[in-house]
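Bear in mind these aren't lab numbers, they're just calculated from the coordinates by the rules spelled out. Bear in mind the structure is a predicted one, so any value in this text is a computation, not a measurement. Note that we place each Cβ from the backbone using ideal geometry, even for glycine, and neighbour counts take in every protein chain shown.
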Amino acid sequence: MRRLVHCTLPPELVHQPILHDLVRATTAVVNVRRANVDVESGVAWFILELTGPEDQVELAESWLTRQGVTVEPIDA
């Protein structure tokens, strides 16, 4: 399964290793397609391509949401 998602981080997560922790929490392959991080203003977003078994892709999305990341699917 392959899914593109747009992720927006709240300011308090900008300095956290979210992607590193995501890779450790699931076996889904995480590919950063685009990103914008402005540490000074506390704004961060990225577009991720998540691939792997459906349960792992869903786990990756739910894990991000539980961390406080806003996750929106992208129709591609």
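Hey, got a sec? Which GluC sites (Glu not before Pro) in the chain land in a DSSP loop and have at most 12 other Cβ atoms within 10 Å?
Values: sites: GLU12, GLU40, GLU49, GLU54, GLU58, GLU61; in loops: GLU40.
Answer in residue order: GLU40.
Working note: Debye formula, equal point scatterers on the alpha-carbon atoms of the chain, no solvent; log10 I(q)/I(0) at q = 0.16, 0.21, 0.23 Å⁻¹ is -0.51, -0.88, -1.05.
Residues ILE18, ILE74, ranked from the fewest to the most other C-beta atoms within 10 Å, line up as ILE74, ILE18. Calculated [222 nm] ellipticity per residue, helices only, for the chain: -9000 deg cm²/dmol; basis is -39500 (n - 2.57) per DSSP H run with n ≥ 4, divided by all residues, nearest 500. Taking 7 Å steps out from each Cα toward its Cβ at GLU72 and ALA35 produces label points 2.0 nm apart.
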